1. Within the range 155-175, which residues are crowded, with 19+ Cβ neighbours inside 10 Å and closer than 26 Å to G217 by Cα?
2. Given the structure, is G87 out of contact with any Leu (no Cβ under 9 Å at 6 or more places or on another chain) and free of Cβ contacts under 8 Å to residues at least 60 places away in the same chain?
3. Mind checking which residues of the range 96-124 are assigned to a strand (DSSP E or B) and either more than 17 Å from the chain's Cα centre (by Cα) or not hydrophobic (A, V, I, L, M, F, W, C) (or both)?
4. Assess whether R117 counts as being buried (at least 18 other Cβ atoms within 10 Å of the Cβ) and out of contact with any helix residue (DSSP H, G or I) (no Cβ under 6 Å at 6 or more places or on another chain).
5. Does at least one position in the range 182-189 carry a residue that is of a type outside the set (V, I, T), in a strand (DSSP E or B), buried (at least 20 other Cβ atoms within 10 Å of the Cβ) and out of contact with any Pro (no Cβ under 8 Å at 6 or more places or on another chain)?
6. Could you check, for the range 67-87, whether at least one of its residues is over 18 Å from V11 (Cβ atoms), modelled with pLDDT of 95 or more and buried (at least 20 other Cβ atoms within 10 Å of the Cβ)?
7. Cβ-Cβ below 9 Å, separation at least six or inter-chain, first residue in the range 239-255 and more than 18 Å from S159 (Cβ to Cβ) and in contact (Cβ under 8 Å) with a residue 24 or more places away in the chain, second surrounded by fewer than 16 Cβ atoms within 10 Å (Cβ to Cβ) and β-branched (V, I, T): which pairs?
8. Determine, yes or no, whether V56 is over 22 Å from G183 (Cβ atoms), touching a strand residue (DSSP E or B) at 6+ places or on another chain (Cβ under 8 Å) and crowded, with 22+ Cβ neighbours inside 10 Å.
Amino acid sequence: MIVSASRRTDVPALYGAWLDRRIAAGFARVRHPFDTRVVRRIDLRPPPLGRMDALVLWTRDPGPCLDRVQRWEDRGVRTLWLVTVTGYPRELEPGAPPWQRAVASVRALAGRIGAERVAWRYDPVLLAPGRGVDAAFHRQRFAALARALEGAVGRCIVSVYDPYRAPGARLHRAGWPRDPSGGAAAVCAGLAAVARRHGIRVQSCCEDLEVFGIHPGACIDGGLISRLWGVPWHGRTDPGQRPGCRCARSADIGAYDTCTHGCLYCYATRSPARAARRNAAHDPAAETLDRSR
């Protein structure tokens, strides 16, 4: 079993202590995102005692968990990291860490576990020329990030913004385009060429970008997990994800409305105020993420 932490929130940056406690306990309990009365127990023990073949961590900053990584490695926990670094303007990502800090954390993480287990997500690619986020912005920012991350990541995952109702309304209220995806796919063509110059292979997430020289791939890459650790994988993808997703099936232990980065385009945070309240709550006896850090 692959455990995902998490598509729903930034566990490593915001809830690292909670995750550390759950790994030590050997399990986590996660509420069903649409029926909170249903609580599932997820095994966080690696083989041979447990069922967690790999732990995939989605984050904007692995820094808060760097001191925990070796402890997890010593327990036999196999980790893969998906780190989002975009460098968008502050008003679009008000709570996200500065990209320079995120890059430093990525380099430190790669020094501990190797670049092959660290992926850089440049996601989502969106366009808002009236706010300074145009094709030239992406070329310059992506080039700077690729230079800074050279040798520290095994791949780069790009994805075009997908329009969702709640993020669209937030963007519109803040003076950004409600749907900033128009023309974003074409921007990715230049990004792939830049990445190759820095030895970084680029893949897409869900979108068909092969016409731009970008092959499709999986974020939770069952083939990579199999190659790294000999975990059997039969090519089955996760039926719970959006069309086109090639990710291996996983159990997500995150909770919606708990991330406080405040990214206007994020589908996982419907109510920033509610996320802030949940983040501020601290109940060491609680086992579910939405009640404890």
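The values are calculated or read from the model by the stated rules, or taken from the named source; none is laboratory data. Given the structure is predicted, the values throughout are model-derived calculations rather than measurements. Every residue, glycine as well, gets a Cβ built from its backbone with ideal geometry; the counts of neighbours run over all protein chains shown.
1. Correct list: R155, C156, I157, V158, S159, V160, Y161, P167.
2. For G87, the condition - out of contact with any Leu (no Cβ under 9 Å at 6 or more places or on another chain) and free of Cβ contacts under 8 Å to residues at least 60 places away in the same chain - is not met.
3. R121, Y122, D123, P124
4. yes
5. no
6. Checking the range 67-87: at least one residue is over 18 Å from V11 (Cβ atoms), modelled with pLDDT of 95 or more and buried (at least 20 other Cβ atoms within 10 Å of the Cβ).
7. R249/T237
8. Judged against the criteria, V56 is a match.
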